[in-house]
Amino acid sequence: MSIKSQPVNILLDLHTKFSKLPVLFRERVCEECNYSTPTFYRKMRGMDRRVEDKLVQALSKAEKEKIRELAEEVTNGLFTSIFGVKEK
């Protein structure tokens, strides 16, 4: 049996796909939002706060929208790779 024709261990295959998801999401956010990896983690830990009675948001509205879009893109890619569903 050649390597190509051997059956795939579905548990290993799915675990690998799920394990890569956070890294892929981080890389896409960093690329699209022009963040470095440390900036990504700093923004992730950030909280909205009040400074002199003004609200300072951890993420801008544009950043939030882009991050939601990227989350959808990454999860759709995962579903496509698992179930073979064609994207719209």
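The values are calculated or read from the model by the stated rules, or taken from the named source; none is laboratory data. Remember, it's a predicted structure, so these values are computed and weren't measured experimentally. Please note: Cβ atoms are built from the backbone with ideal geometry, for glycine as well, and neighbour counts cover all protein chains shown. Note: accessible area is taken over every heavy atom of the protein model, side chains too, but ligands, DNA and RNA are not part of it. Shrake-Rupley method; radii C 1.70, N 1.55, O 1.52, S 1.80 Å.
Quick notes on this structure:
- Label assignment, percent of Cα pairs over 20 Å apart derived from the structure, set (1) 61; (2) 48; (3) 52: (3)
- Remark: spin-label model distance R42-K20 equals 3.1 nm, labels positioned 7 Å along the Cα→Cβ axis.
- Residues Q57 and N9, FRET efficiency given R0 of 41 Å [Cβ-Cβ distance, rounded to 0.05]: 0.35
- 1.4 Å probe accessible area per residue over the chain, in Å²: 85 Å²
- Accessible surface of the chain, 1.4 Å probe, proportion on carbon and sulfur as whole %: 58 percent
- Nearest-ten-degree value, helix 61-83 long axis tilted from longest Cα axis of the chain: 10 degrees
- Listed residues R26, R49, R68, most fluctuating in the chain (Gaussian network, C-alpha, under 10 Å): R49
- In the elastic network of the chain, a GNM with C-alpha springs shorter than 10 Å, the most mobile of V51, V23, V74 is V51.
- The stretch 47-88-the stretch 15-36 distance, computed between alpha-carbon centres (Å): 12 Å
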